[in-house]
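Structure first, then comments.
The values are calculated or read from the model by the stated rules, or taken from the named source; none is laboratory data. Keep in mind that this is a model prediction, so the values were computed, not measured. Virtual Cβ from ideal backbone geometry, glycine too; neighbours counted across all protein chains shown.
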């Protein structure tokens with residue numbers, strides 16, 4: 001998995017683009033300071049651009065998926081796989097998602113930590129409350145996995 005983000009997918013305001021992480025690293029590391037190191041939580045109090053800058057300031061991977069165009073479980077998995085740049089052999093099921101969030105990364109060497117944003121998770125008949133909870137449970141399990149290894153894994157989400 002890459003720690004780079006396709007910048008066109010993360011919203012940025014003009015004033016955010018003018019100030020780089022290098023100009024305000026202390027402020028950016030403060031963004032994550034009050035957030036437990038291994039958690040899955042609503043993005044309410046945070047902006048995607050600030051989380052991205054904070055991840056980079058902390059030297060952590062930043063993964064972003066905008067799921068606004070997803071309607072079903074398969075759509076959600078396809079978009080996550082595409083936007084997180086999963087390998088072609090990704091199985092496109094929840095077990096494979098967990099595997100991609102843990103095993104290959106652990107085997108690739110020391111990991112600095114993760115900041116993940118799942119924006120606009122669908123809330124409809126094809127991706128109901130149970131499916132949303134299953135998806136978030138995968139990320140909770142991944143947070144536990146990395147927590148056992150003392151590696152920060154913070155996942156922020158919002159619903160459509």
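Just a few scattered comments:
- Candidates 88, 60, 71: the one that is in contact with a strand residue (DSSP E or B) (Cβ under 9 Å, 6 or more places away or on another chain), surrounded by fewer than 16 Cβ atoms within 10 Å (Cβ to Cβ) and more than 17 Å from residue 157 (Cβ to Cβ) is 71.
- Test for residue 28: is it surrounded by 18 or more Cβ atoms within 10 Å (Cβ to Cβ), modelled with pLDDT under 95 and either within 24 Å of residue 130 (Cβ to Cβ) or touching a strand residue (DSSP E or B) at 6+ places or on another chain (Cβ under 6 Å) (or both): no
- On inspection, residue 134 does not qualify as over 18 Å from residue 77 (Cβ atoms), surrounded by fewer than 19 Cβ atoms within 10 Å (Cβ to Cβ) and out of contact with any strand residue (DSSP E or B) (no Cβ under 7 Å at 6 or more places or on another chain).
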